[in-house]
1. Within the set of pairs 6+ apart or on separate chains, which have a first residue in the range 134-160 that is part of a loop (DSSP other than H, G, I, E, B), a second that is of a type in the set (Lys, Arg), and C-beta atoms under 6 Å apart?
2. Looking at this structure, is Ser385 in a helix (DSSP H, G or I), in the same structural domain as Glu423 (by the TED database) and crowded, with 18+ Cβ neighbours inside 10 Å?
3. Scan the range 395-417 for residues that are farther than 30 Å from Lys326 by Cβ and either open to solvent by less than 30 Å² (accessible area, probe 1.4 Å) or in the same structural domain as Thr131 (by the TED database) (or both) and jot them down.
4. Have a look at Gly46, Gly8 and point out the one that is without any contact (Cβ under 8 Å) to a residue 40 or more places away in the chain and of a type in the set (Gly, Ala, Ser).
5. Can you tell me which residue in the range 175-210 is farthest from Pro387 (Cα to Cα), limited to those that are among the charged types (D, E, K, R) and modelled with pLDDT of 95 or more?
6. If you check Gln263, Gln221, which single one turns out to be at pLDDT below 95, open to solvent by 20 Å² or more (accessible area, probe 1.4 Å) and under 24 Å from the mean Cα position of the chain (by Cα)?
7. Just wondering, is there one or more residues in the range 193-200 that are among the β-branched types (Val, Ile, Thr), in contact (Cβ under 8 Å) with a residue 40 or more places away in the chain, on the phi < 0 side of the Ramachandran plot and open to solvent by less than 10 Å² (accessible area, probe 1.4 Å)?
8. Given (1) more than 25 Å from Trp173 (Cβ to Cβ); (2) in a loop (DSSP other than H, G, I, E, B), identify the lone condition not met by Gly350.
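The values are calculated or read from the model by the stated rules, or taken from the named source; none is laboratory data. These numbers come from a predicted model, not from an experiment. Virtual Cβ from ideal backbone geometry, glycine too; neighbours counted across all protein chains shown. Protein only, heavy atoms only, side chains kept; ligands, DNA and RNA dropped before computing areas. Shrake-Rupley method; radii C 1.70, N 1.55, O 1.52, S 1.80 Å.
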Amino acid sequence: MARDSDYGAFMEKFLLQPSSSAHELPLNSLTFAVKDIFDVEGYVTGFGNPDWLRTHQTAKSTAPAILAVLREGATCVGKTVMDEMAYSINGENKHYGTPRNPCVPDRVPGGSSSGSAVAVGAKLVDFALGTDTGGSVRVPAAYCGILGFRPSHDAVSTTGVIPMAQSFDTAGWFARDPAILNRVGRVLLDLRDVYPVKPTQIIIAADCFQLLTIPSDRVIQPLVKSVEKSFGGDLVKQAVLGDYIKDKVPSLKPFLSDGHADQEHNIPSLAALSSAMRELQRYEFKNNHGEWVCSVKPDLGPGISERVWEALRTTDNNVDICHNLKAEIRAALTGLLGDFDVLAIPTVPGPPPKLQMDPTPLEDFRARAFSLLSIAGVSGFCQVSVPLGLYDNLPVAISLLAKHGSDGFLLNLVEGLYDALKEEVGIAENMSY
């Protein structure tokens, strides 16, 4: 394993050649890597943990998502390191080492699709496949200064992917170039002819930007100015998303009194949404992996071990409410956004934490992060994390969300806006906020 020389991104390197070498294929000559949660025929899918690797058989077939990009001309160069059992957004792995963040080497790369994000950020591949249940594509994309796409729930096949929590699991992808992000998306989503459509509104979730630990204008202004430049100034609107969700999603009520909802610097309705999401996630994780954990008693890293054993204690008390909540928030956000509106939020509340930080002070940061991440997580909407350069030499990102099924529209929008956005980021980096 050549982990040290490749930013520690890879578990295993190998070559899977494209099914055809026709030059006109959309992904011809592009290289990619896959998170070690996707099945590759002839290899054991390791799920980030040596005990899992030891107790499982080699895969008998390759995941359809991998086959799709191979069929369209891409070459796979290996499997990437991930957080154990996909149960962290940090990116640290005590067994296989932590992939080195190419943007800021003394900070975490983000997880759980850590190696995939690092491989793209370090220019080792053109794109990479990851999964995103609670934030595992969006967070590492933000931390590594690259593009990351979480598709609409159920829009990309997760067959041949180890499940974490099926109500939220998605197969996503990373790229440095928005055109490649779009081309990969068209293949995975099976979209052949999706033409660019001008958005009707860009809605800035003003309350969500108050969760940031850096000046909110540094994140909002490059987007606003690039939208004005590209589409005109009348498109940008502001909304208080937390109040809107509280009014429109009655099933949140049992979670509003939850202790998580009262934390400082938080939006109560979004904290409640996050609490509901994590409860259903724990329940489904237990159903998927509880038996294996109890029988094998795997060696798990700090933070992950506690979360896994907490999941195993989860009951089905609120499962029905959580499913109702999913339907309600999808309907509410569809009502807010319509067909061609876009919601803008921070991807994460601030820069990547330092390596090997004590998990306890990180809990407030995690709580705010999941308040933001649960919006697309629970609604099933598509979300793209877009890099906005550096602030204080640390990566900055913003996220754009569109309604379920509008993945092609969102991919086209990012590709169309990207040059103007980069220009505005260059200006913002030279200003003092």
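1. Here the result reads Val137/Arg150; Ile146/Arg176, each pair linking the range 134-160 to a residue that is of a type in the set (Lys, Arg).
2. On the way: in a helix (DSSP H, G or I): no; in the same structural domain as Glu423 (by the TED database): yes; crowded, with 18+ Cβ neighbours inside 10 Å: yes.
No, not satisfied.
3. Pro395, Val396
4. Numbers: Gly8 fails: without any contact (Cβ under 8 Å) to a residue 40 or more places away in the chain.
Only one candidate passes the filter, namely Gly46.
5. The initial filter retains those residues of the range 175-210 that are among the charged types (D, E, K, R), namely 176-177, 183, 186, 190, 192-193, 198, 207.
Then drop every residue that is not modelled with pLDDT of 95 or more, which leaves 176-177, 183, 186, 190, 207.
Details: Arg176: 9, Asp177: 11, Arg183: 19, Arg186: 21, Asp190: 26, Asp207: 21 Å.
Selected residue: Asp190.
6. Details: Gln221 fails: at pLDDT below 95.
Sole residue among the options that is at pLDDT below 95, open to solvent by 20 Å² or more (accessible area, probe 1.4 Å) and under 24 Å from the mean Cα position of the chain (by Cα): Gln263.
7. Our first condition is that a residue be among the β-branched types (Val, Ile, Thr); within the range 193-200, this holds for 194, 197, 200.
Next cut, in contact (Cβ under 8 Å) with a residue 40 or more places away in the chain only: 194, 197, 200.
Add one more test, that the residue is on the phi < 0 side of the Ramachandran plot, and what stays is 194, 197, 200.
Remaining after also requiring open to solvent by less than 10 Å² (accessible area, probe 1.4 Å): none.
For the range 193-200, residues among the β-branched types (Val, Ile, Thr), in contact (Cβ under 8 Å) with a residue 40 or more places away in the chain, on the phi < 0 side of the Ramachandran plot and open to solvent by less than 10 Å² (accessible area, probe 1.4 Å): absent.
8. Result: Gly350 passes all but (1).
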